[in-house]
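*Asks:* My questions will all concern the structure given below.
The values are calculated or read from the model by the stated rules, or taken from the named source; none is laboratory data. On a predicted model such as this, the values are computed, not experimentally measured, just so you know. FYI the Cβ positions are ideal-geometry reconstructions off the backbone, even for glycines, and counts take in every protein chain you see.
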Amino acid sequence: MSIQQQRASSGFELSRRSWGHLGSFRAMASPCELLIATQDENITRAMMALATDEARRIEQKFSRFIEGNPLWQINHAAGKASPIDAETASLLQFAHQCHQLSDGRFDISAGPLMKLWRFDGGEIPKAADIEQARALVDFSKVSFNEHQLQFPAGMSLDFGGIAKEYAVDRVAYLLAEQWPAISVLVNFGGDIACPISKGASNEPWQVGIENPQRLDSAAALLEIRQGALATSGDTRRFIEKDGKRFGHIIDPRTGYPVLKAPRSVTVLAPNCVTAGMLATMAMLEGEKAEVFLSEQEVEFKCFR
């Protein structure tokens, strides 16, 4: 069966490598890859089927761009309480921790601001519109427990800063649980997890960090046997106006993109959601990003 036929029938592409298999598909507006250290094609296909199903399940549930999905219903509840499940409550609890640790700068209730700032070559929003949207952003006004969620009418949630990293961890965990002897590197748009060590006798996985000055080329190469990493930055999503660059990391306290932030931040951590949280928080620190990361005692790489 050709690669094209494989993709048509399974939703993913598969190719053999000296170390095993490379599988790829697209989800969450990102290229998604699995590097699988086995030559067994049947196992590889089963792994890829699990990965694609889980990634797309999470996207269907938590993307703010899919009309009628659970998040759309929450965001259109007009101030009324919405029923939620345990998975959503768990993500909300993590978002609450991020909000507290960042002094309110990591705020998933920034949906109204994210709707204004469209990083597709559009215009900078008007100051009055930014102020109006900013008044609707405040995660402390989001009330939730294990079963329901409620916030004032006009507010909306955006899981964009959490969901992809969560999907990486979920896929990595499920694969490790079912195939505990096979090392797999899960890479969704540069957010990566490798829960099972590749072993000291094997070459580590090699991960390139994109050069912000030369996209699609690596500025640094990281070796990873086990763990996770995530990257946050404005290399691909930004607006340039009158010689000034506006990246896509918005400070909800001002309503505008963070000033003097690095072009990109990559953080290594035990899991992808932690790495993503720290990378985003570092971007929100602006010119103090490196100081913040040094205080966290994690391995990181910043490009300016």
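*Asks:* Working carefully through the options THR266, THR274, find the one that is of a type in the set (S, T, N, Q) and in contact with a strand residue (DSSP E or B) (Cβ under 6 Å, 6 or more places away or on another chain). Quick ask: steps written out before the conclusion?
*Replies:* Values: THR274 fails: in contact with a strand residue (DSSP E or B) (Cβ under 6 Å, 6 or more places away or on another chain).
Exactly one residue qualifies, and that residue is THR266.
*Asks:* Hey, could you check the stretch 155-184 for residues that are part of a loop (DSSP other than H, G, I, E, B) and touching a residue at least 24 places away in the same chain (Cβ under 8 Å) and say which is nearest to the chain's Cα centre (by Cα)? Talk me through it step by step, then tell me what you get.
*Replies:* The initial filter retains those residues of the stretch 155-184 that are part of a loop (DSSP other than H, G, I, E, B), namely 155, 157-158, 162, 179-183.
Subset that is touching a residue at least 24 places away in the same chain (Cβ under 8 Å): 155, 157-158, 162, 179, 182-183.
Details: MET155: 22, LEU157: 15, ASP158: 12, ILE162: 5, TRP179: 24, ILE182: 24, SER183: 22 Å.
Here the residue is ILE162.
*Asks:* Among the residues of the stretch 124-147, write down those that are loosely packed, with under 14 Cβ neighbours inside 10 Å and either touching a residue at least 60 places away in the same chain (Cβ under 8 Å) or of a type in the set (Lys, Arg) (or both).
*Replies:* Within the stretch 124-147, LYS126, GLU131, LYS141, GLU146, HIS147 qualify.
Condition check ((1) surrounded by 22 or more Cβ atoms within 10 Å (Cβ to Cβ); (2) modelled with pLDDT of 95 or more; (3) over 20 Å from PHE159 (Cα atoms)) across all residues:
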residue: THR266; (1), (2), (3): yes, no, no
residue: ASN271; (1), (2), (3): no, yes, no
residue: THR274; (1), (2), (3): no, yes, no
residue: MET283; (1), (2), (3): yes, no, no
residue: GLY286; (1), (2), (3): no, no, yes
residue: GLU290; (1), (2), (3): no, yes, yes
residue: LEU293; (1), (2), (3): yes, yes, yes
residue: GLN296; (1), (2), (3): no, no, yes
residue: LYS301; (1), (2), (3): no, no, yes
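Yes/no matrix, rows are residues, columns are (1) in contact with a strand residue (DSSP E or B) (Cβ under 7 Å, 6 or more places away or on another chain); (2) surrounded by 17 or more Cβ atoms within 10 Å (Cβ to Cβ); (3) touching a residue at least 60 places away in the same chain (Cβ under 8 Å):
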{"site": "ILE66", "(1), (2), (3)": "no, no, no"}
{"site": "ALA78", "(1), (2), (3)": "no, no, yes"}
{"site": "CYS98", "(1), (2), (3)": "no, yes, yes"}
{"site": "LEU101", "(1), (2), (3)": "no, no, yes"}
{"site": "TRP117", "(1), (2), (3)": "yes, yes, yes"}
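*Asks:* Looking only at the stretch 51-92, how many residues end up being under 17 Å from the mean Cα position of the chain (by Cα) and either of a type in the set (Lys, Arg) or part of a helix (DSSP H, G or I) (or both)?
*Replies:* 18
*Asks:* How many residues does the stretch 81-96 hold that are in contact (Cβ under 8 Å) with a residue 40 or more places away in the chain and either surrounded by 14 or more Cβ atoms within 10 Å (Cβ to Cβ) or among the small types (Gly, Ala, Ser) (or both)?
*Replies:* Total meeting the criteria: 11.
*Asks:* May I ask you to say which residue of SER109, SER24, SER82 is touching a Pro at 6+ places or on another chain (Cβ under 7 Å) and either closer than 30 Å to LYS198 by Cα or not acidic (Asp, Glu) (or both)? Full working, then the answer.
*Replies:* On the way: SER109 fails: touching a Pro at 6+ places or on another chain (Cβ under 7 Å); SER82 fails: touching a Pro at 6+ places or on another chain (Cβ under 7 Å).
Going through SER109, SER24, SER82 in turn, the sole match is SER24.
*Asks:* Could you list, in sequence order, all residues of the stretch 26-67 that are among the charged types (D, E, K, R) and under 26 Å from PRO180 (Cα atoms)?
*Replies:* Passing the criteria: ARG26, GLU33, ASP40, GLU41, ARG45, ASP53, GLU54, ARG56, ARG57, GLU59.
*Asks:* Quick one: LEU34 ticks every box in (1) more than 19 Å from ILE162 (Cβ to Cβ); (2) modelled with pLDDT under 95; (3) touching a helix residue (DSSP H, G or I) at 6+ places or on another chain (Cβ under 7 Å) bar one, so which box is it?
*Replies:* Unmet condition: (2).
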